Number of protein chains: 2
Amino acid sequence: MNVKLKIALAQLNFTVGDISRNSKKIIRAIQYAKNKLHADLVVFPELALTGYPPEDLLLRPQFIADAENALKKIQKYSADIHVILGCPTKPKDTCFNSAICLYREKQLACYHKQKLPNYSVFDEKRYFSSGTKPVVLSIKGFQIALAICEDVWFEDVAKQAKKAGAECILAINASPFSDKKFARRKEQLEQRIKKINIPIFYLNLIGGQDELLFDGQSFVMDSRRRIVAQAKAFEEDWLTVEIDQNKKVIPKPLALPLSPMESLYRALVLGVKDYVQKNQFSHVFIGLSGGIDSALTLAIATDALGAKNVTAVIMPSPFTASMSVDDAISLSKALHVVYQIIPIHDIFETSLKTLHPVFSGLPEDITEENLQSRIRCNLLMALANKTNGLMLSTSNKSEIAVGYTTLYGDMSGAFCVLKDLYKTQVYALSNYRNQISAVIPQRIIDRPPSAELAFDQTDQDTLPPYEILDKILYRFVEGNQSAALISKTLHLSIALVRKVIAMVKRSEYKRHQAPPGPRLTERGFDKDWRYPIVDRYW
Amino acid sequence: MNVKLKIALAQLNFTVGDISRNSKKIIRAIQYAKNKLHADLVVFPELALTGYPPEDLLLRPQFIADAENALKKIQKYSADIHVILGCPTKPKDTCFNSAICLYREKQLACYHKQKLPNYSVFDEKRYFSSGTKPVVLSIKGFQIALAICEDVWFEDVAKQAKKAGAECILAINASPFSDKKFARRKEQLEQRIKKINIPIFYLNLIGGQDELLFDGQSFVMDSRRRIVAQAKAFEEDWLTVEIDQNKKVIPKPLALPLSPMESLYRALVLGVKDYVQKNQFSHVFIGLSGGIDSALTLAIATDALGAKNVTAVIMPSPFTASMSVDDAISLSKALHVVYQIIPIHDIFETSLKTLHPVFSGLPEDITEENLQSRIRCNLLMALANKTNGLMLSTSNKSEIAVGYTTLYGDMSGAFCVLKDLYKTQVYALSNYRNQISAVIPQRIIDRPPSAELAFDQTDQDTLPPYEILDKILYRFVEGNQSAALISKTLHLSIALVRKVIAMVKRSEYKRHQAPPGPRLTERGFDKDWRYPIVDRYW
């Protein structure tokens, strides 16, 4: 007899906290897997029922109780299909990150995650206890071990599964995207399979959750360490894979991998779409300066939400070049986005007049620059408040790192689209976007960057060239390197490196009040950057 | 022979990251303990060398190396006194939270913290591995076990020490203040000593670090579970205690305990002082509305920094009652604080005029209220930027919980003094401050609270009375209780409770961008409140 096992991996997008809608989506997916895909087994990602990561919701007893009740309802749909579902469980007083196997309307098995990540963006030891035992399911004669995310990064868990009789491992994940992440997952699985010689089914979540992006890209690696099936990146997908009677995975055709730029761009589009829509908003406002950061932000937001859900707001000050306004208009037109021009001259003048009695005698300085930036923030927030929209921030990672952005000014917004994208990458990604269709005027890309908050100002009056700055920042932020090491490796003066680091340190208070933004690297400035503000280590 | 052991507990204030100055302070303290106090043993708090908590500084290899180098310098001052010092260590590739014993210019022993807190405000498992072994020092024939903070909250560690021969336990701590904390520490030590019947010396850190406050209040509990010596609260102090040849602690006179209000007030004064000064600022600006929150904030800031370092800024709008301005002036005068009056009418008018073309046709709503609040923020920030000062925020915990505060408006500032103080406590604490000297005009306390951003507005147009609101919030925020449970316990309609919870949930995005503020309760809105923004659990 030719027995095969058909496994349907449901690479779906869930919303944190929305147990009710997530449950309905899971039930629909079970029915689809059973009736349309004719699968023996349908699998959902890590903590699919609650969304990932639920953070301090997990400390609320009612939240866990609600998840457990939802699980009982879902159970009823498992009459003739095996279901593997990620959800928190709390037998007695201990909370686990679990994978439940449902079958014949019962809970057949419950696996508790053994390795709890508590580094980078992860805080799982805040919430969960570690499981200790393997779970191997026998389905149609196939022996399948369960694993949850971090588990497959450790040899001991893989060996434990193999020892317990596993013929393959089914790993459910909520593995956040970063530019290097897919390669790392692949490498980890290769190392595991080298030792245990059985296939691993790697199902990943897809969707944006605050700053975290889950890229999907679920895949199956066979016992010879070849990727034999792969789901789409950055969108929902079903990956249906069969194992034959020899316990071999039957290969499926693979799509071409994404280029690094395509990957970043699609990550950002997904991040903006999910942040806005999962927060139940639809419309966003973006201040267009005529510079490249707001130009790229506008393009991403338009691709994410559609042109009709985006309003560009052009707010020239006395220091704004007319070509900046022209370019901002051209860009809006190219993207078919409505734009509004609201000059800030009058408010700026009135503010200076109001402050004159208290400022009198003091020279002009950065205060007057910040003032303009904050007036723009106030106008954008007024538009957003009046129409129930969101304001997007346009600061990039380089600026946020060194504090070259105004707190309560251009740094502000509901979501900071380029928060984890260095300025040099902003250029590269703008060029990438223009290859799809030329929307960003070339002059925006070619002009020397300037905040245009004072006469004849350019960023390089204050900062080293971005090619150099970004290299220093990368090593300091993502590599935890010391000034001495950076200076030596990059052949840069120690004084320059120290100056940049001092700017990073001095602006910690700004980052503390920054909006979240989609995480693209191994170290963004949200959950994975936890620096004290009072910090005298320079 | 009458042998005694003299232990000097150095309850001192250290600064995170400032290894160099912390080292010098430690060396001076060793010399003082030796030459002036004639101590056999001088003890410093948990991670005294680096300050606590160093957070992601611990991920920088150079930071650990710098701490280890500093330790070698300090070692030289241990020729004829035992020194116990908290500092991070990294033998091989594992980082520990350690207590080092120095003597005769050498490292005599190194204890690694065994219980690593990873809940509430703590993330120690992000940085440290757990030690497993007890360390018992023999000094002048006395057997002393070392423990670090969380260790003494567990029976197994206490028993392990006793089993290893300890005649007393020396626990070094960085235990953050909360209104219930001292009682909890006392209770924990009673439980330990009940089992092991030996005294515990509990040395705590003192000082403010971002939102965390360390209250000192170091104490010694003898084998009969009596507190026999205690250091001051909220200030540096030396607690020098002797053990006699029978291993009994020789009691010292105890000061009267602080009242709850005195404790909160002194906590806030310390928090403001340390945040401002450790960040190398001296001057603060506070927007005075004539309401009670800004009044209390001004009093605290003045008590913390001195009147000459505080500027009150009164910014009336068209909706500000003249008595608000009068009261704000009276308050400033009572505190001898310079005040400036900067009306915002003109900027507000100009802003409305500027927005008119895009707003035309839309009715007035909360947008116009936020606009005023943000204009004030912009003016205060301009003053702070121009003079290198800090702006303090005046929002309280009740407002921040339900989002009754304007993002980029009155919520803003470098430090939010009342962030963890409910509105009902703001009244109580204002009355307490007026008992010391009557500085807050009685009318400010007696008037119905109002944001004065629209005609005839009071807080109770939007919110339930604060006596009720605060009770709901306390149970939801600090107790993790469900709407059903709160409604039942407080005999309030479920609709009202749900309305309040919905306000809390809807304003998560604001708290995400809020300034830090001193933590006073078991759950503040900084490190111990980690809620997703995208969160559909209502």
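The values are calculated or read from the model by the stated rules, or taken from the named source; none is laboratory data. Nothing here was measured: the structure is a model prediction, and the numbers come from that model. Every residue, glycine among them, receives a Cβ derived from its backbone with ideal geometry; neighbour counts consider all protein chains shown.
Couple of notes before you dig in:
- When the criteria are applied in full, A:Gln481 meets the requirement of being among the polar types (S, T, N, Q), within 30 Å of B:Tyr275 (Cβ to Cβ) and without any contact (Cβ under 8 Å) to a residue 40 or more places away in the chain.
- Of the residues making up the stretch A:430-448, none is under 30 Å from B:Gly51 (Cβ atoms) and among the acidic types (Asp, Glu).
- Hits in the stretch A:391-425 - residues which are within 17 Å of A:Arg523 (Cα to Cα), of a type in the set (A, V, I, L, M) and assigned to a loop (DSSP other than H, G, I, E, B): A:Val417, A:Leu418, A:Leu421
- Being touching an Asp or Glu at 6+ places or on another chain (Cβ under 7 Å) and touching a residue at least 60 places away in the same chain (Cβ under 8 Å) is a description that does not apply to A:Lys115.
- If the condition is being touching a Pro at 6+ places or on another chain (Cβ under 8 Å) and within 19 Å of A:Gln442 (Cβ to Cβ), then the stretch A:296-328 contributes A:Ser324, A:Val325, A:Asp327.
- Filter pass, A:Tyr422 being under 24 Å from A:Pro516 (Cβ atoms), surrounded by fewer than 22 Cβ atoms within 10 Å (Cβ to Cβ) and not β-branched (Val, Ile, Thr): no
- Of residues in the stretch A:227-256 being touching a helix residue (DSSP H, G or I) at 6+ places or on another chain (Cβ under 9 Å) and not hydrophobic (A, V, I, L, M, F, W, C), the one surrounded by the most Cβ atoms within 10 Å (Cβ to Cβ): A:Thr240
- Failed item in (1) farther than 30 Å from B:Phe219 by Cα; (2) out of contact with any Leu (no Cβ under 8 Å at 6 or more places or on another chain), with B:Thr297 passing the rest: (2)
- Looking only at the stretch B:445-476, and only at residues there that are in a helix (DSSP H, G or I) and under 17 Å from B:Asn370 (Cβ atoms), the one that is farthest from the chain's Cα centre (by Cα): B:Asp461
- Test set (1) over 25 Å from B:Leu421 (Cβ atoms); (2) crowded, with 24+ Cβ neighbours inside 10 Å; (3) β-branched (Val, Ile, Thr) - B:Ile344 fails condition number: (2)
- You will find that of A:Asp80, A:Asp93, A:Asp66, the residue that is of a type in the set (D, E, K, R), buried (at least 18 other Cβ atoms within 10 Å of the Cβ) and farther than 25 Å from A:Ser175 by Cβ is A:Asp66 and no other.
- Filtered residues of the stretch A:213-251 (kept if outside any loop (DSSP other than H, G, I, E, B) and under 21 Å from A:Lys195 (Cβ atoms)): A:Phe219, A:Val220, A:Met221, A:Ile227, A:Val228, A:Ile243, A:Val249
- B:Ala8 being away from every other protein chain (no Cβ under 14 Å), in a strand (DSSP E or B) and surrounded by 21 or more Cβ atoms within 10 Å (Cβ to Cβ): yes
- Candidates B:Leu490, B:Leu496, filtered to the one that is surrounded by fewer than 17 Cβ atoms within 10 Å (Cβ to Cβ) and either at pLDDT below 95 or not assigned by TED's automatic domain parsing to the domain that holds B:Leu390 (or both): B:Leu490
- Among the conditions (1) more than 30 Å from A:Ile501 (Cβ to Cβ); (2) more than 10 Å from every other protein chain (Cβ to nearest Cβ); (3) aromatic (Phe, Trp, Tyr), A:Phe348 misses just one, which is (2).
- Only one entry of A:Ala312, A:Ala295 meets the criterion of being in contact (Cβ under 8 Å) with a residue 60 or more places away in the chain and either in contact with a Ser or Thr (Cβ under 6 Å, 6 or more places away or on another chain) or within 30 Å of A:Lys180 (Cβ to Cβ) (or both), and that entry is A:Ala295.
- Residue check, A:Ile144 closer than 28 Å to A:Ala39 by Cα and either touching a His at 6+ places or on another chain (Cβ under 6 Å) or not assigned by TED's automatic domain parsing to the domain that holds A:Ile26 (or both): no
- Search result, residues across the stretch A:506-526 that are out of contact with any strand residue (DSSP E or B) (no Cβ under 7 Å at 6 or more places or on another chain) and at the interface with chain B (Cβ under 9 Å from one of its Cβ atoms): A:Tyr509, A:His512, A:Gln513
- Filter pass, B:Leu9 being over 25 Å from B:Lys247 (Cβ atoms) and touching a strand residue (DSSP E or B) at 6+ places or on another chain (Cβ under 8 Å): no
- Taking the criterion of being in contact with a Lys or Arg (Cβ under 9 Å, 6 or more places away or on another chain) and without any contact (Cβ under 8 Å) to a residue 60 or more places away in the chain, the residues of the stretch B:251-280 that qualify are B:Pro251, B:Ala255, B:Leu258, B:Gln280.
- A single entry from A:Thr311, A:Thr320, A:Thr297, A:Thr367 fulfils the requirement of being within 14 Å of another protein chain (Cβ to nearest Cβ) and more than 20 Å from B:Ile344 (Cβ to Cβ): A:Thr311.
- Test: B:Asp410 is modelled with pLDDT of 95 or more and either surrounded by fewer than 24 Cβ atoms within 10 Å (Cβ to Cβ) or farther than 19 Å from B:Glu467 by Cα (or both): yes
- If you filter the stretch A:329-345 down to residues that are touching a Pro at 6+ places or on another chain (Cβ under 9 Å) and not β-branched (Val, Ile, Thr), you find that the one that is nearest to the other protein chains (Cβ to nearest Cβ) is A:Gln340.
- Yes/no for A:Asp303 being surrounded by fewer than 24 Cβ atoms within 10 Å (Cβ to Cβ) and within 14 Å of another protein chain (Cβ to nearest Cβ): no
- Any hit, the stretch B:477-494, residues being more than 14 Å from chain A (Cβ to nearest Cβ) and under 29 Å from A:Tyr408 (Cα atoms): no
- Residue count for the stretch B:38-76, restricted to those that are within 9 Å of chain A (Cβ to nearest Cβ) and in a loop (DSSP other than H, G, I, E, B): 5
- Of the residues making up the stretch B:375-423, those that are among the polar types (S, T, N, Q) and either in contact with a Cys (Cβ under 7 Å, 6 or more places away or on another chain) or away from every other protein chain (no Cβ under 11 Å) (or both) number 7.
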